[in-house]
Amino acid sequence: MSNLAYLFKPKNIAVIGASSHPGKIGNIILKNLQEAKFAGDIYPVNPKAKNILNIPVYQSIDQLPNNIDLAVITIPRDLVVDALESLGKKGLKAAIVISAGFKEVGGAGYHLEERLIEIAKKYNIALLGPNCLGLINTHANLNATFAAGIPNKGNISFFSQSGALCVAILDWTLGTHIGFSKFISLGNKAALDETDMISYLGDDPETKVILGYIENVCSGQKFVQAATKVTKKKPVLIIKSGRTSAGAKAASSHTGAIAGSDQAYTAAFEKSGIIRVLEVENLFNLALAFSSQNLPKGPNLTIITNSGGPGIMAADICEQSCLQMTRLSNQTIEKLKATLPGYASLYNPIDIIGDADTTRYIETIDIIKDDPNTHAILVLLTPTSAIAPQITTLAKEIVNISKSLTKPIFCVFMGKYHVKEAQKILLNHDIPCYPFPEPAIYALETMFKYWEWTQKQPELIPAYPRNLELAAKVIEESKARNQKEIVEFQALQVLDAYNLPHPQTKLARSSQQAMQIAQEIGFPVVLKIASPNISHKTDVKGVIVNLNTPEEVKDAFVEITTRAQRRRPDAYIIGCLVQKMAPKGCKEVIVGFKRDEQFGPLLMFGLGGIYVEVLKDISFGLAPLSREEAKRMIKQIKSYLLLKGFRGEPPINFKALEDILLAMSQLSLDFTEIYEAEFNPVLVNQEQALVADVRFTIA
């Protein structure tokens, strides 16, 4: 949106609904603009006042000068549409609609919000809200909110769909040293949404770290594309609420938004490089780390401690993460030997013993910072009697030594009373300091994973060969018959169109024909019920496996069709599919997709049987898949080792399985009318992967 910059850096602001009554929103916003020392012109609009807070008042919008940069609108809901129209005619660039009662209440409010969208498009107005708290830009001395206070200047920007959360977090920041660049309340997201904010902040030189709280995403694919570009330049950390069914229901009633599948959000964040955070406390711990320290350019962490127990605890936490305990170079160990007492532990974690003073800490840090194998440093301290009187001195020395460091340095000063002043010194000089090792190592691990993301080359989406005409013919014929599902005996042609291997399969309309086909295919065979009305064959016990003679096939045909007719008298029974039994030693996996409302096709992979139904051992990914993403989906399931080969078993043919995932990804993009698809099971061994059953659901 071309006028978005006027939202953050206006030269003049009109407050529509400015009030002379303290406590009214129109008065608070005017006061906040003054107290933030906004340098531009402020134009209060109120038909009943002449002067508010020593600022001359305009009685109507018509009296305002033309081409206002920003209007903050606080008037009653039913007046907002006409006000925005009048402002648009006068050349307004950007607007913040604080007023509530729009889409979030439904009915007339929904239609009024639609009118706001139309007006914003008509006059190219960058519209924030409605039903929002407003916006803060500390670098422009702009506080266009009705919240109390303004944070210190910094390089962290935060946007939120919840105005109440904005207020709480803003209040929290006022009690800390943490500085912010932008604070944005999105409200109902009538025009500007999270994608616009990520894109703008991605190019904002005053923002180093982007934080967000969202309840839903307006345009999933646009969001992923924008975030993928931005996360290569700066970290984006987001809390997504509505992870459970109860939470999703609450999110919908809160903003009138429809919550999407949580798995889809997780897959979208992973695909775009967004760091998903589950707790608000972790969000700001990570924000502090990213905003103040360099990224670790490798996984190796070196721990310096004056206490063995906490050092071992930190080492255990490190080993449970994707970080590694540094194997120090011989040269580093020799330097430590020459510096530390003989009873100190020279190997990581480096225990400099409880009688360590400031000098011993600083000498050790000075040696470790030059170790070629060390990518990050963790300084762990317990307030022993030897160091307690010197802790603030040590903090100042760490600040000094950090100025020349290119590697991240984190501190864990355990305790509260003796360390509180030192913690303040460190935090005020951009050195993260934590009371315990867990949050420090979590932050370093997250930073390292993000560094790995920035180093990744773009992954190519392979062009999957297929016969679109053949697949389309099957789908169109099913639609013409008003079928909601395309079941296996019809869907086999789609498999052929996408060159997907499957066991030799033929349709038998009689028991005699089934016997003949079984002899042609070769024993053993499987018989499956064939009916356009029965998608779940197990519901009617419509599958019999391992048939080895013509007589067994004949009996199985009669048994399956009779049972299906008895259990589903409404179903049209065509006959049975006769299918070649899979080779021995195959493992069953499932490959499928469901079309997510926000993000499009959400692909699913897992082991078949109880692994899917009971253990929920499943991975997800968004289409289109690259081959690397297909590999990651396979590796992400907990039972991956069973596919890799366990206790002497050979590994499966991973490339053949990847090809099936890629074909499913391509299919999901080719035919938007397919709402769900499932290959279940896919039979895979060390030689091949075969789609043994298939089902498509038509939207």
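Residue pairs whose Cβ atoms lie under 6 Å apart, separated by 6 or more positions or on different chains, with the first residue in segment 638-651 and closer than 22 Å to Val614 by Cα and the second surrounded by 14 or more Cβ atoms within 10 Å (Cβ to Cβ), are Lys638/Asp617; Ser639/Leu607; Ser639/Tyr611; Ser639/Asp617; Leu643/Ile652.
Go through segment 297-309 and count every residue that is under 12 Å from Pro437 (Cβ atoms) and either touching a Lys or Arg at 6+ places or on another chain (Cβ under 7 Å) or at pLDDT 95 or above (or both). Give the derivation first.
Of all residues in segment 297-309, those under 12 Å from Pro437 (Cβ atoms) come to 301, 303, 305, 307, 309.
Now narrow it down to the ones that are either touching a Lys or Arg at 6+ places or on another chain (Cβ under 7 Å) or at pLDDT 95 or above (or both): 301, 303, 305.
Matching residues across segment 297-309 total 3.
Selection within segment 47-74: residues that are polar (S, T, N, Q) and surrounded by fewer than 21 Cβ atoms within 10 Å (Cβ to Cβ). The member of this set that is farthest from Lys89 (Cα to Cα) is Asn54. The set of residues in segment 356-386 that are β-branched (Val, Ile, Thr) and either surrounded by 23 or more Cβ atoms within 10 Å (Cβ to Cβ) or within 42 Å of the chain's Cα centre (by Cα) (or both) comprises Ile362, Thr364, Ile365, Ile367, Ile368, Thr374, Ile377, Val379, Thr382.
Answer with yes or no whether Gln493 is more than 34 Å from the chain's Cα centre (by Cα) and touching a residue at least 60 places away in the same chain (Cβ under 8 Å). Against the criterion (more than 34 Å from the chain's Cα centre (by Cα) and touching a residue at least 60 places away in the same chain (Cβ under 8 Å)), Gln493 does not qualify.
Here is a yes/no grid of residues against (1) out of contact with any helix residue (DSSP H, G or I) (no Cβ under 7 Å at 6 or more places or on another chain); (2) within 18 Å of Leu33 (Cβ to Cβ); (3) touching a residue at least 40 places away in the same chain (Cβ under 8 Å); (4) not assigned by TED's automatic domain parsing to the domain that holds Glu421:
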{"site": "Asp78", "(1), (2), (3), (4)": "yes, no, no, yes"}
{"site": "Leu127", "(1), (2), (3), (4)": "no, no, yes, yes"}
{"site": "Cys132", "(1), (2), (3), (4)": "no, yes, yes, yes"}
{"site": "Thr145", "(1), (2), (3), (4)": "no, yes, yes, yes"}
{"site": "Leu170", "(1), (2), (3), (4)": "yes, yes, no, yes"}
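Scan segment 469-482 and give yes if some residue there is under 21 Å from Ala677 (Cβ atoms), modelled with pLDDT under 95, not in a helix (DSSP H, G or I) and not hydroxyl-bearing (Ser, Thr, Tyr), otherwise no. Yes, there is a match, as at least one residue in segment 469-482 is under 21 Å from Ala677 (Cβ atoms), modelled with pLDDT under 95, not in a helix (DSSP H, G or I) and not hydroxyl-bearing (Ser, Thr, Tyr). Scanning segment 545-573 for residues that are within 29 Å of Arg481 (Cα to Cα) and free of Cβ contacts under 8 Å to residues at least 40 places away in the same chain turns up Glu559, Ile560, Thr561, Thr562, Arg563, Ala564, Gln565, Arg566, Arg567, Arg568, Pro569, Asp570. Kindly evaluate Asn348 against the criterion of being assigned by TED's automatic domain parsing to the domain that holds Val236 and of a type in the set (S, T, N, Q). So Asn348 does not fit the description; no.
Ser86 falls short on exactly one of the conditions (1) modelled with pLDDT of 95 or more; (2) crowded, with 22+ Cβ neighbours inside 10 Å, and that condition is (2).
To keep it simple, each residue is scored yes or no on (1) in a loop (DSSP other than H, G, I, E, B); (2) within 30 Å of Ile238 (Cα to Cα).
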site: His418; (1), (2): yes, no
site: Thr454; (1), (2): no, yes
site: Leu460; (1), (2): yes, yes
site: His502; (1), (2): yes, no
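Name the residue, out of Ile391, Ile353, that is buried (at least 16 other Cβ atoms within 10 Å of the Cβ), without any contact (Cβ under 8 Å) to a residue 60 or more places away in the chain and not in a loop (DSSP other than H, G, I, E, B).
On the way: Ile353 fails: not in a loop (DSSP other than H, G, I, E, B).
Just one listed residue meets the conditions, Ile391.
The residues on offer are Ile312, Ile317, Ile304, and the sole one that is in contact (Cβ under 8 Å) with a residue 24 or more places away in the chain and closer than 27 Å to Leu237 by Cα is Ile317. Remark: pairs (first residue in segment 223-235, farther than 22 Å from Glu206 by Cβ and modelled with pLDDT of 95 or more; second residue of a type in the set (Lys, Arg) and surrounded by 15 or more Cβ atoms within 10 Å (Cβ to Cβ); Cβ separation under 9 Å; 6+ apart in sequence or on different chains) = Val224/Lys271; Thr228/Lys271. Among the candidates Val558, Val553, Val612, the residue that is part of a helix (DSSP H, G or I), aliphatic (A, V, I, L, M) and not assigned by TED's automatic domain parsing to the domain that holds Thr505 is uniquely Val612. Considering Lys182, Lys189, the condition of being assigned to a loop (DSSP other than H, G, I, E, B), at pLDDT 85 or above and assigned by TED's automatic domain parsing to the domain that holds Asn124 is satisfied by Lys189 alone.
Is it the case, given these coordinates, that Thr207 is within 15 Å of Gly273 (Cα to Cα), modelled with pLDDT of 95 or more, hydroxyl-bearing (Ser, Thr, Tyr) and touching a Ser or Thr at 6+ places or on another chain (Cβ under 7 Å)? Working first, answer last.
Working: within 15 Å of Gly273 (Cα to Cα): no; modelled with pLDDT of 95 or more: yes; hydroxyl-bearing (Ser, Thr, Tyr): yes; touching a Ser or Thr at 6+ places or on another chain (Cβ under 7 Å): yes.
No: the conditions fail for Thr207.
The values are calculated or read from the model by the stated rules, or taken from the named source; none is laboratory data. None of the values given here were measured: they were computed from a predicted structure. Reconstructed Cβ throughout: ideal geometry from the backbone, glycine too, with neighbour counts over all protein chains shown.
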